[in-house]
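The values are calculated or read from the model by the stated rules, or taken from the named source; none is laboratory data. Predicted, not measured: the structure shown is a model, and the values here were computed from it. FYI the Cβ positions are ideal-geometry reconstructions off the backbone, even for glycines, and counts take in every protein chain you see.
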Amino acid sequence: MEGRVGTLKVLVVRGKRLAIRDFKSSDPYVIVKLGNQTQKTKVINSCLNPVWNEELVFSVSEPVGVLQLEVFDRDRFKSDDKMGRAQVSLQDLVSGARLSRALRLSTGETKLRKVAPDGENRLMAESFVTFVAGEIVQEVRLKLSDVESGELELKLRWSENPTSQTTGGAAGA
Ligand SMILES: [Ca+2]
């Protein structure tokens, strides 16, 4: 077993203006991957603005990778069609966690970082990294790539293993 450093909870909130893959609509679901872990949301039938509100939980070990998301249209009699993809760097959460330790935050709510859309991260709005009662939270709105239209809204919640913080040294220096 590799050393686990924390837990990432990915709340797949919803999709908007997704692409049509059937006659008039699609039956979308999202596959979320982190390293060799893969999870997926349920299928929402005939909907281009689906609300999943589904939380997928990943254990995170070093080096912290990139979260990969793919949207598909469920089809019963042929293979599922692609509806675009997105990815999220977890570096902003990781540095937010480091900052929260340096500030010795333990309760309440504190804004830690602001991530601006830069064309490369495909954010559709500013994304804030916030310390909320022991967890590092980041809400992101992403424009899907490799598809004619669509966006995804996510809420990421990161918590570190208490045991991985007991270094006692100058880890944050
Ligand atoms: Ca379908």
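Some notes on this structure:
- Restricting segment 10-38 to residues that are among the charged types (D, E, K, R), touching a residue at least 40 places away in the same chain (Cβ under 8 Å) and away from the ligand (no atom under 15 Å from the Cβ), the residue that is farthest from V140 (Cα to Cα) is R17.
- Unmet requirement for R104, which otherwise passes all of (1) free of Cβ contacts under 8 Å to residues at least 24 places away in the same chain; (2) on the phi < 0 side of the Ramachandran plot; (3) not aromatic (F, W, Y): (2)
- Residue pairs meeting the criteria (Cβ under 9 Å; at least 6 apart or on separate chains; first at positive phi and at pLDDT 95 or above, in segment 139-152; second outside any strand (DSSP E or B) and surrounded by fewer than 23 Cβ atoms within 10 Å (Cβ to Cβ)): G150/R17; G150/A19; G150/L48
- Evaluation of N121 against (1) closer than 25 Å to R21 by Cα; (2) away from the ligand (no atom under 16 Å from the Cβ) (one fails), failing number: (1)
- Residue among T41, T7 that alone is within 16 Å of the ligand (Cβ to nearest atom) and within 16 Å of the chain's Cα centre (by Cα): T41
- Scanning segment 83-131 for residues that are among the basic types (K, R) and in contact with a Lys or Arg (Cβ under 7 Å, 6 or more places away or on another chain) yields one hit, R122.
- Filtered residues of segment 62-86 (kept if away from the ligand (no atom under 16 Å from the Cβ) and either in contact (Cβ under 8 Å) with a residue 40 or more places away in the chain or among the small types (G, A, S) (or both)): E62, V64, G65, L67, L69, R85, A86
- Here L56 meets the list (1) within 12 Å of the ligand (Cβ to nearest atom); (2) under 19 Å from E139 (Cβ atoms) almost entirely, failing just condition (1).
- All conditions in (1) under 23 Å from E160 (Cα atoms); (2) acidic (D, E); (3) over 12 Å from the mean Cα position of the chain (by Cα) hold for D92, with the sole exception of (3).
- Listed conditions (1) at pLDDT 95 or above; (2) touching an Asp or Glu at 6+ places or on another chain (Cβ under 8 Å); (3) closer than 13 Å to W158 by Cβ are all met by L34, apart from (2).
- Elements of type strands (runs of 3 or more DSSP E) in segment 104-161, at least 1 residues being among the basic types (K, R) and touching a strand residue (DSSP E or B) at 6+ places or on another chain (Cβ under 9 Å): 109-115, 135-143, 151-160
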